[in-house]
Amino acid sequence: MRIPDFFIVGAPKSGTTAMYIYLKQHPEIFMPEKKESHFFGTDFNSPKFIRDRELYLALFSEAKDERRIGESSVWYLYSKKAAAEIKEFSPSAGIIIMLRNPVDMLYSQHSQFLYNGNEDIACFEEAINAEEDRKRGFRIPPYVHFVESLFYKETAKYTDQVRRYFDVFGRENVHVIIYDDFKSNVAGAYRECLRFLGVTEDFRPEFKAINPNKRVRSNALRNFLQNPPQIVKSFGRLFVSVPLHQKLVKNLTSFNRKYESRPPMDAGLRSKLQAEFAPEVERLSGLLKRDVTQWCKT
């Protein structure tokens, strides 16, 4: 069986879902239906991560004669173990890293967590300020599925995360995409990614907006669908077929979803976070040999 030979490793909310979908359309690339398998990165645990090797490999069982096989899991970048684990599994793998202004990334991530139930503090500033309490095991949301992701500022310390991949795979085998470039010229960023992967560059997918900001209409319904009481699960197994159950959950989840733009971040909070991240962004600029300090100026 063939195994992945390239990995989109993060960062979250930096265009990885769009890139995954665009690459998946390429005739010379196979990517599984499931994004975010998170087989690697054993320093983190979540019930949503696939940690069974056979289940993980089964994701790629339909690959045929495609030139490249890839997968995408955004917490591989944050993990301190994933780079070495991927290297052991697929020694010649290529790595794709997408990076976004850390302040914007965190604001978007908080909104995503409110949607999926990983977060229960609606105020972004309060959630950011709760980080130290959460590192000590306090103020953890009841339905959290990945506690370490709530250490918001830690997730945005890109420099050491990127350096790990440079050190393990070699800089030449790591392709870094800055979100600003991706957003301003999707076709150009996609073409450069195809060049890195060594596949034909003349294929053009349908470039459309992917993964817009979402909210739930009812937190209670979302929590019920994700964590049904045992009596409901037992009843369902007796009287509802698996396909029908999956269809009901899918339809109710869709009904409970609404798309809306995030309100602008408080200007004072933005300035405070930009100042706090400025030294980190300077370090990243040096590592990448590219000036991204505008992230902390605009």
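Worth a mention:
- Peptides ranked, highest mean first, by Cβ atoms within 10 Å: ranges 281-289, 148-156, 136-144, 265-273: 148-156, 281-289, 265-273, 136-144
- Residues with amide H under 5 Å from that of Ile69, placed H, sequence gap 5 or more: Asp5, Phe6, Phe30
- For region 95-158, the fraction of alpha-carbon pairs in successive 10 Å shells from zero, as %: 22, 57, 19, 2
- Point-to-point label distance, Asp180-Asp65, nm (Cα→Cβ direction, 7 Å offset): 4.4
- Three-way shape call for region 1-56 based on the alpha-carbon gyration tensor, with the a/c threshold at 1.5: oblate
- Accessible surface for region 101-181, divided over its residues, is 39 Å² per residue with a 1.4 Å probe.
- Multiplying the residue separation of Lys135 and Ala58 by 0.36 nm and subtracting their alpha-carbon distance yields 24.2 nm.
- Extension gain for Asn116 to Leu269 (0.36 nm times residue separation, less C-alpha to C-alpha distance): 52.7 nm.
- Ranked by the mean number of other Cβ atoms within 10 Å of their residues, highest first, the peptides 44-50, 62-68 come out as 44-50, 62-68.
- Whether region 1-109 is rounded, prolate or oblate, judged on the alpha carbon gyration tensor where a/c under 1.5 counts as rounded: oblate
- Calculated over region 131-189: convex hull of Cα atoms, volume per residue (Å³): 140
- Pairs from the list Lys35/Lys87; Lys24/Lys157; Lys48/Lys81; Lys135/Lys297; Lys81/Lys297; Lys87/Lys157 with a Cα-Cα gap above 27 Å: Lys24/Lys157; Lys135/Lys297; Lys81/Lys297.
- Cβ-derived FRET efficiency at R0 30 Å, Ala278 paired with Ala84, nearest 0.05: 0.50
- As a length-normalised measure over Cα pairs under 8 Å and 6 or more apart, the relative contact order of region 1-124 settles at 40 percent.
- Computing FRET efficiency as 1/(1 + (r/R0)^6) for Phe203 and Arg2, where r is the C-beta to C-beta distance and R0 is 22 Å, gives about 0.60.
The values are calculated or read from the model by the stated rules, or taken from the named source; none is laboratory data. This one's a predicted model, so the numbers in the text were calculated from it and none came from an experiment. We place every Cβ from the backbone using ideal geometry, glycine too, and count neighbours over all the protein chains shown. To get the accessible areas, we keep the full protein, side chains included, count just its heavy atoms, and leave off ligands, DNA and RNA. Shrake-Rupley method; radii C 1.70, N 1.55, O 1.52, S 1.80 Å.
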